[in-house]
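Data block below; observations after.
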Amino acid sequence: MEFFNDIMRFVYKAIVYPLKFIFFKIIYFIEKNLINANLSDICEECYEKVTMPYYVCPSCSNRYAALMPTFKHIFYFKCSCGNNLPLTAINGKNKLKTLCGNCKNAVKMNKVKKICIPIIGTNPSIKANFTYNMLDTIEWKFDKSPFKAYVSTPKTQKFFLGKNRKKPLRQIYIFNTNERNLALSDNLKKYRYFNYYDGIVFIFNGEELVNLEGENNLTLDGILDIFILNLQKNFGLKPGEIINKPIAVITNNQIKRSFNGYIEENFKAKIENNFSDYKFFLLDDFNLIKQSENKANYHEAEVFQWILGQVDTKIHKSICK
């Protein structure tokens, strides 16, 4: 009798296991390459770009990293509390609470394309005013589908482009970077968005840049070199290799009058030698105060139309009609 049972177990495994393995591979492929592919979110606490979040058990709040089907557990995995956790989107994994793997802050995974643009400058108030006016001009420019703008709160962080707020086609993140960290290579590492940014807006005032040199006991060349070297390092590039990300450089005409073009030309040479896609913008008024209801006169519109157009082909076609 025992011999017969052994034969039956062997026949069962010989028939069922290969079929189960094929079924597992199909489910795993669908989950990994069709459902999970391009799922991401950006943590608003530590700025980590999350592609493999922690999943939280709704019964006991235990955290599990990267719940995926296995040969033994294809659809469900039993938590230590006894609750069955779904392993595929088919049976509800996308309804579980997700956390950032780095800081455990709550994130919401989705397939919406993210566009991330740090704003770097030598004056916090200038950057803040620029960002505020930029969001107003974005709402004005994208006032019709398919790229209608929806500004979220806080206004200086992100906004959506799409047919409606619930189903955005693009999610735009604007990051305001402290200029003093440009000269401090160790501090720059904490800005995780430099690992995945899509473009940069650089706003600088000649007089303030000179002051920044003195405060950090570095030359202008040294400040720019440290920043560029860190960007290259984040993308695995060697010193001297070209950074293939667009950069919009905004400066004021006062630089030419006060410094005979030295700072402008020096900065321009650095950008040209290290970036493949760049454009320079001159602003006469660095106060960036709304002076007219005619938003077509806003300088911010021109800057962000250019940089968003360089980053995304669909946006480029929409704004360049």
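For segment 76-90, the candidate set comprises residues that are buried (at least 18 other Cβ atoms within 10 Å of the Cβ) and touching a residue at least 40 places away in the same chain (Cβ under 8 Å); within that set, the residue that is nearest to GLU31 (Cα to Cα) is THR88.
Just one of (1) out of contact with any strand residue (DSSP E or B) (no Cβ under 9 Å at 6 or more places or on another chain); (2) modelled with pLDDT of 85 or more fails for ILE35. It is (2). Filtering segment 56-66 for residues that are at pLDDT below 90, under 32 Å from the mean Cα position of the chain (by Cα) and not assigned by TED's automatic domain parsing to the domain that holds TYR173 leaves a non-empty set. Comparison of ASN260, ASN253 shows that the only residue that is more than 19 Å from PHE130 (Cβ to Cβ) and modelled with pLDDT under 65 is ASN260.
Of all residue pairs spaced 6 or more apart or on separate chains, those with beta-carbon atoms under 9 Å, a first member in segment 256-277 that is in a loop (DSSP other than H, G, I, E, B) and a second member that is modelled with pLDDT of 70 or more and of a type in the set (S, T, N, Q) are SER276/ASN244; ASP277/ASN244; ASP277/GLN310. Criterion applied to LEU237, LEU220, LEU224, LEU209 was being over 26 Å from TYR132 (Cα atoms) and at pLDDT below 70, and the one residue passing it is LEU220. Residues in segment 91-101 that are surrounded by 15 or more Cβ atoms within 10 Å (Cβ to Cβ) and over 20 Å from LYS167 (Cβ atoms): LYS93, LEU96, LYS97, LEU99, CYS100, GLY101. Among the residues of segment 102-142, the one identified as farther than 29 Å from ILE223 by Cα, buried (at least 21 other Cβ atoms within 10 Å of the Cβ) and at pLDDT 85 or above is VAL107.
Residue pairs whose Cβ atoms lie under 6 Å apart, separated by 6 or more positions or on different chains, with the first residue in segment 184-196 and in the same structural domain as ASN230 (by TED's automatic domain parsing) and more than 15 Å from ILE223 (Cβ to Cβ) and the second assigned to a helix (DSSP H, G or I) and modelled with pLDDT of 85 or more, do not occur. Scanning segment 86-134 for residues being under 23 Å from MET68 (Cα atoms) and either small (Gly, Ala, Ser) or part of a helix (DSSP H, G or I) (or both) gives a total of 7.
Remark: pairs (first residue in segment 120-139, assigned by TED's automatic domain parsing to the domain that holds VAL249 and closer than 16 Å to THR177 by Cβ; second residue at pLDDT 70 or above and assigned to a helix (DSSP H, G or I); Cβ separation under 6 Å; 6+ apart in sequence or on different chains) = GLY121/LYS127; MET134/PHE304.
The values are calculated or read from the model by the stated rules, or taken from the named source; none is laboratory data. Here the structure is a predicted model, which means the values were calculated and not measured. No Cβ is skipped: glycine too gets one built from the backbone with ideal geometry, and neighbour counts run over all protein chains shown.
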